[in-house]
1. Take the chain, connect every pair of alpha-carbon atoms lying under 10 Å apart with a spring to form a Gaussian network, then pick out the residue of SER145, SER47, SER130 with the largest mean-square fluctuation.
2. Residue-wise, which Karplus ³J(HN,Hα) couplings in Hz belong to the range 53-62, taking 6.51 cos²θ - 1.76 cosθ + 1.60, θ = phi - 60°, and x for glycine or proline?
3. For the chain, what does -39500 (n - 2.57) per DSSP helix run (n ≥ 4), summed and divided by total residues, give at 222 nm, in deg cm²/dmol to the nearest 500?
4. What FRET efficiency do you get for GLU359 and SER74 if R0 is 51 Å and r is their Cβ-Cβ distance, rounded to the nearest 0.05?
5. Under a 5 Å amide H to amide H cut-off, with H placed in plane at 1.01 Å, what residues pair with SER284 once short-range neighbours are removed?
6. Going by average Cβ density within 10 Å per residue, which order do the peptides 295-305, 82-92 take, highest to lowest?
7. Which of rounded, prolate, oblate describes the range 20-141, given a ≥ b ≥ c as roots of the alpha-carbon gyration tensor eigenvalues and a/c under 1.5 marking rounded, otherwise prolate only if a/b is larger than b/c?
8. Using 15 Å as the cut-off for backbone N distance, which residues of the range 322-341 belong to the label zone defined by a point 7 Å from the Cα of LEU251 along Cα→Cβ?
Amino acid sequence: MHIGIVCYPTFGGSGVVATELGMALADKGHDVHFITYNLPVRLDFISHKLHFHEVVMEEYPLFQYQPYELALSSKMVEVVLKHKLEVLHVHYAIPHAYAAYMAKKMLQEKGINIKVVTTLHGTDITLVGSHPTYKTAVEFSINKSDEVTAVSNSLREDTLRLFNIEKNIKVVYNFIDAAKYDRAVHEDCQRAALAKPEERILTHISNFRPVKRTEDVIKIFEKVQKEIPSKLLMVGDGPDRLKAENLARKLEIEDKVLFLGNSNEVAKILCYSDVFLLPSETESFGLAALEAMAASTVVISTNTGGLPEVNIHGKTGFLSSLEDVDDMAKNAIYLLKSDVVLNQFKQNAKEHTKQFSLENILPAYEDIYKSCTVKV
Ligand code: GMT
């Protein structure tokens, strides 16, 4: 099939999922066209089946805000016409579903019936999308999509609760290319450069937005390191990074906390790690937790949103209530104290990711594309 993918090209979960999906579809022989304002960060190859179309913005001094949706929907029309796309798969409702609806209407005028599949990822619904500023347009564009998917049951329920939705929302879980995270693949993994052999490694990966509660990560680690010789790797960048750095300094643990910035080497970093910390205020799914589990890293997280659908309490890790840093630290210490317990949880975590494998999830998206484009 000829498929257009619209996403944020940044280090966010939705962009990662969209990019991995596009690469996997191209690998299966589909003709995939990314339509974004930058080359997606995880896009590591371009082939004759995988194309990138940049949405270029014209700066004009009159505009305080540049009209990105206009540029995006115009680009979608151009690419659909030129490459005979059958489906536009837009990730993140804001503003992609709305821009896709405009493109669909413009194409209808030319006698072309492009199908729009919208995948809801989380903050486009729970934090931003339901805000009165955006709600009307988000609800409208979800209802006007040909197919709508959500990345967890929890997000589906949130969407139905927060909006007046007339469409059936299908749940298609996020997926993982497990082979990429196999520890054996990362034999060059230089753990020794980061920690002493007797030290455990805890890791947090995110875009350091307030929803990730990165200061809680530091608070948890401060308690853990008192009992277990350990290091904390903080991977990513964003608005709360400085706050987290300051807290580590204030708690006098800055020599044990390594801020590594944004990285495309997530799989390699996870191969050093024993425990992954994700104390988020909410996560529709928690792709970072799934990536950690695929690398046999045990997850300590909150029990919010879709996290209980990914991290199984007492099996692949532990779930705690929001802000309960004492409980999260207690669980981490329990795991890190015993090699036997830790290794059992690591094995369980890896095993559990099999149900989120690329092979299982990819056909679900292909079926959705086929069912909406089928001519009756
Ligand atoms: O929260 C992020 O890291 C970014 C955000 C995004 O939209 O890019 O992530 C959301 O989508 C991911 C992929 O589906 C999910 O794994 C994240 O849980 C979700 N984030 C939130 O719900 C806060």
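1. Maximum among the listed residues: SER47.
2. 10, 7, 8, 9, 9, 8, 6, 9, x, 5
3. Computed ellipticity for the chain at 222 nm equals -12500 deg cm²/dmol.
4. FRET efficiency, GLU359 to SER74: 0.90.
5. Close amide H contacts, sequence-distant or interchain: GLY306.
6. Sorting 295-305, 82-92 by mean packing, highest first, produces 295-305, 82-92.
7. rounded
8. Label zone hits: 323-333.
The values are calculated or read from the model by the stated rules, or taken from the named source; none is laboratory data. Remember, predicted model here, so these are calculated numbers, not experimental data. Cβ sites come from the backbone with ideal geometry, for glycine too, and all protein chains shown count toward neighbours. Remember, those area values only see protein heavy atoms, side chains included, never the ligands or the DNA or RNA. Shrake-Rupley method; radii C 1.70, N 1.55, O 1.52, S 1.80 Å.
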